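Visitor: This is the structure I want to talk about, given as structure tokens.
The values are calculated or read from the model by the stated rules, or taken from the named source; none is laboratory data. What you are looking at is a predicted structure, and each value in this text was computed from that prediction instead of being measured. When we count neighbours, we look across all protein chains shown, and the Cβ atoms used for this are built from the backbone with ideal geometry, even at glycine. Side chains are part of the model used for accessible areas, which takes the heavy atoms of the whole protein and leaves out ligands, DNA and RNA. Shrake-Rupley method; radii C 1.70, N 1.55, O 1.52, S 1.80 Å.
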Amino acid sequence: MPEPIEVRKVAIESVTDASGLARLIDDGVIEARRVLAVIGKTEGNGGVNDYTRILADRAFREVLTAKGHPSPGDVPLVWSGGTDGVLSPHATIFATTANAEPSQEPRVSVGIAMSDVILPEDIGRPAMVEKVAAGVREAMRIAGIDDPADVHYVQTKTPLLTLATINDARSRGKDVVVEDTGPSMDVSNSTTALGVAVALGEIEMPAAEQIHRDLSLYSSVASCSSGVELDRAQIVVVGNVRGIGGRYRIGHSVMRDALDADGIWEAIRSSGIDLPERPHPSDLGGRLVNVFMKCEADPSGSVRGRRNIMLDDSDVHWHRQIKAAVGGVAASVTGDPAVFVSVAAVHQGPSGGGPVAAIADLG
């Protein structure tokens, strides 16, 4: 049986701030050696050259090192860049704990794994799907989760293409699926999501021509991010296990479109929080730890029959616009702007929408 989990959310007060993590350790809430993973939002542009992710990564690893984590370099730190609109920089920290109350109810368990190295020529192709799927299965095993239905959130971080890695592929006589580094972020995310879906039995293994094209294929629990800071998939599987004990439970749902607040509320209900028929943030009673979601500008160029210009706007990229829009919807539900909203959601939830996971403190 895996160990029970403690989950806490902390603010990031500046681009290199990891004081929230340090305080949790100093106050005895968590032990540095027990930190499993960190999932957070940083304040950069969310693009290929968003170095706020690297700065946050360094700051949090320095705290883990100073506080005595035995192998801080092995801890998955999954950073999603860009806090557009009202979104606020923050981090959610997952750690094992020795102080959990016993429970036979479903309670959060976490498994982490790293895939095999993802080569530049793998991105956007079946080889990447297979490598991610194998990593997800390993993370499930570590979490003690046998039934894919008990998996409610899979957060990944994968490499995207840069000029250096494109040239590396060329030097070995290989080609890459796209030579524009910006769009490679979306392709890396979508390919990874299909790997998650295959591992959980949500879909069959896709053909090469379906990757990033067949929008009917998706995972309802995948949240995939990519960056320049690694060469393989970091995988964090979060689900529920009976008998593990602890205070926390996770649930999930999907947003059908960018305005689907009901999808967020449904994920919160799924996490075990009782809500009235027409809920309000005040009904949460401090029990919601955080929500995690992906979003995507609807490829039809409309939301609920109304035209928008996100995909035609040459001044502000649609990544930033949809993230701000969905972040506002999410914050209006939770009453807290420190919510995890990430963009580039092809194959992650329904087209134009996205998956939502919610973690509740039921202690």
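Visitor: Within region 219-264, can you find the residues that are open to solvent by 60 Å² or more (accessible area, probe 1.4 Å) and farther than 26 Å from L77 by Cβ?
Guide: So the first thing to find is which residues in region 219-264 are open to solvent by 60 Å² or more (accessible area, probe 1.4 Å), and the list is 229, 231-232, 242, 247, 249, 256, 259, 262.
Residues satisfying the conditions are R242, R256, L259, D262.
Visitor: Which count do you get for residues in region 1-32 that are within 20 Å of Y248 (Cβ to Cβ), in contact with a strand residue (DSSP E or B) (Cβ under 8 Å, 6 or more places away or on another chain) and assigned to a loop (DSSP other than H, G, I, E, B)? Show your work before the answer.
Guide: Initial filter on region 1-32 (within 20 Å of Y248 (Cβ to Cβ)): 1-11, 20-21, 23-25, 27-32.
From what is left, the residues that are in contact with a strand residue (DSSP E or B) (Cβ under 8 Å, 6 or more places away or on another chain) are 1-11, 20-21, 23-24, 29-31.
Add one more test, that the residue is assigned to a loop (DSSP other than H, G, I, E, B), and what stays is 1-4, 29-31.
Number satisfying all stated conditions: 7.
Visitor: Let me ask something additional. Looking for whichever is in a helix (DSSP H, G or I), without any contact (Cβ under 8 Å) to a residue 60 or more places away in the chain and open to solvent by 70 Å² or more (accessible area, probe 1.4 Å) here; the options are R170, R137. Which one fits? Step through it out loud before you land on a result.
Guide: On the way: R137 fails: without any contact (Cβ under 8 Å) to a residue 60 or more places away in the chain.
Among R170, R137, only R170 is in a helix (DSSP H, G or I), without any contact (Cβ under 8 Å) to a residue 60 or more places away in the chain and open to solvent by 70 Å² or more (accessible area, probe 1.4 Å).
Visitor: Scan region 307-351 residue by residue and report those that are in contact with an Asp or Glu (Cβ under 8 Å, 6 or more places away or on another chain), β-branched (V, I, T) and part of a strand (DSSP E or B).
Guide: Result: V343, single match.
Visitor: For region 140-164, give me the residue count where each residue is over 21 Å from A208 (Cα atoms) and either open to solvent by 10 Å² or more (accessible area, probe 1.4 Å) or part of a loop (DSSP other than H, G, I, E, B) (or both).
Guide: 14
Visitor: To continue, here is another question. Residues being farther than 16 Å from V228 by Cα, open to solvent by less than 20 Å² (accessible area, probe 1.4 Å) and among the aliphatic types (A, V, I, L, M): count how many of those fall in region 177-193.
Guide: Total meeting the criteria: 1.
Visitor: So, in region 101-134, how many residues would count as being outside any loop (DSSP other than H, G, I, E, B), under 23 Å from A164 (Cα atoms) and over 19 Å from the mean Cα position of the chain (by Cα)? Explain how you work it out, then say what you get.
Guide: Filtering region 101-134 down to residues outside any loop (DSSP other than H, G, I, E, B) leaves 106-117, 120-122, 126-134.
Next, only the ones that are under 23 Å from A164 (Cα atoms) stay: 114-117, 120-122, 126-129, 131-132.
Keeping just the survivors that are over 19 Å from the mean Cα position of the chain (by Cα) gives 116-117, 120-122, 126-127.
Residues flagged as outside any loop (DSSP other than H, G, I, E, B), under 23 Å from A164 (Cα atoms) and over 19 Å from the mean Cα position of the chain (by Cα) within region 101-134 amount to 7.
Visitor: So, one more: Which ones in region 58-95 are modelled with pLDDT of 95 or more and among the charged types (D, E, K, R)?
Guide: Once the filter is applied, which keeps residues that are modelled with pLDDT of 95 or more and among the charged types (D, E, K, R), region 58-95 yields R58, R61, E62, K67, D84.
Visitor: Hey, another quick one. Here are V176, V187: which of them is of a type in the set (V, I, T) and closer than 14 Å to A344 by Cβ? Walk me through how you get there before you give the answer.
Guide: Details: V176 fails: closer than 14 Å to A344 by Cβ.
None of the other options fit; the residue is V187.
Visitor: Taking region 23-57 as the search range and keeping residues that are modelled with pLDDT under 95 and among the aliphatic types (A, V, I, L, M), which one is least open to solvent (accessible area, probe 1.4 Å)?
Guide: Selected residue: V48.
Each row is one residue, and each column tells you yes or no for (1) buried (at least 18 other Cβ atoms within 10 Å of the Cβ); (2) closer than 23 Å to R249 by Cβ.
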| residue | (1), (2) |
| --- | --- |
| R304 | no, no |
| R307 | no, no |
| I322 | yes, no |
| A358 | yes, yes |
